[in-house]
Amino acid sequence: MKTSRAAVGAALFFLLAPGLLAGVGPWWISRWRPGSYAGTIPRWLGALLLAAGLMGLVDTFVRFVRARGTPSPSHPTERLVVSGPYRYTRNPMYLSVAATIAGQALLLGRADLLAYAAVVAVAFHLRVVTYEEPSLRRRFGPEFERYCAAVPRWGIRLRRRAEIEG
């Protein structure tokens, strides 16, 4: 796939997947109205989580474009993406979406958004273990197995291993 086509596909997928889950979903629940608690420390933490989540999303989408593909299963990359944040956790895109939602919840002081973030996180986990990982095992075989052995699914490994460099 050409880089320009991958960029267009990734941008569309960005709007449809994280855009709906981390943008439209929280707006629909909260209408961006502050909730009952909104202390200074939770707001600052929320702003940091929101910023980190957005930066993580942009970074991961750019990595997929560089690998000439998109995160969408209909237009996958030609090779396994293991660079950048993927060196430290296998699912930085999902973690970024969850951080974005949780950040909005803390920033606005909305318990309902925290509950939504938890539901989204559980849905992500189920998708990863029932669809994504089996698909990647079939597609990339031993390369994906080595990657799984070196990098945690949800945690963050602070030291990277040279054998997974892409």
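The values are calculated or read from the model by the stated rules, or taken from the named source; none is laboratory data. Just so it is clear, the structure is predicted and the values come from calculations on it, not from any experiment. With ideal geometry, Cβ positions are generated from the backbone for all residues, glycine too; neighbour counts draw on all protein chains shown.
Out of THR89, THR70, report the one residue that is closer than 30 Å to GLY39 by Cβ, in contact (Cβ under 8 Å) with a residue 12 or more places away in the chain and under 14 Å from the mean Cα position of the chain (by Cα).
Criteria check complete, one pass: THR89.
Check off (1) aromatic (Phe, Trp, Tyr); (2) under 26 Å from THR130 (Cβ atoms); (3) outside any helix (DSSP H, G or I) for TYR37 and give me the number that stays unchecked.
Answer for TYR37: the failing condition is (2).
Condition check: in contact with a Phe, Trp or Tyr (Cβ under 8 Å, 6 or more places away or on another chain) and either surrounded by fewer than 22 Cβ atoms within 10 Å (Cβ to Cβ) or of a type in the set (Ser, Thr, Tyr) (or both). Does THR89 satisfy that?
When the stated conditions are applied, THR89 passes them.
Mind listing just one residue for me: the one in region 116-127 that is hydrophobic (A, V, I, L, M, F, W, C) and without any contact (Cβ under 8 Å) to a residue 40 or more places away in the chain and, of those, nearest to VAL24 (Cα to Cα)?
Looking at residues that are hydrophobic (A, V, I, L, M, F, W, C) and without any contact (Cβ under 8 Å) to a residue 40 or more places away in the chain, I get ALA117.
Looking for whichever is surrounded by 17 or more Cβ atoms within 10 Å (Cβ to Cβ), aliphatic (A, V, I, L, M), modelled with pLDDT under 95 and not in a helix (DSSP H, G or I) here; the options are VAL82, VAL65. Which one fits?
VAL82
When you go through (1) among the hydrophobic types (A, V, I, L, M, F, W, C); (2) loosely packed, with under 15 Cβ neighbours inside 10 Å; (3) more than 20 Å from ALA51 (Cα to Cα) one by one for ILE156, which number turns out not to apply?
(3)
Out of all the residues in region 103-115, which are part of a helix (DSSP H, G or I) and over 11 Å from TRP27 (Cβ atoms)?
GLY103, ALA105, LEU106, LEU107, ALA111, ASP112, LEU114, ALA115
Any residue at all in region 87-95 that is within 30 Å of ALA6 (Cβ to Cβ), assigned to a helix (DSSP H, G or I) and at pLDDT below 95?
Yes, the conditions are met somewhere in region 87-95.
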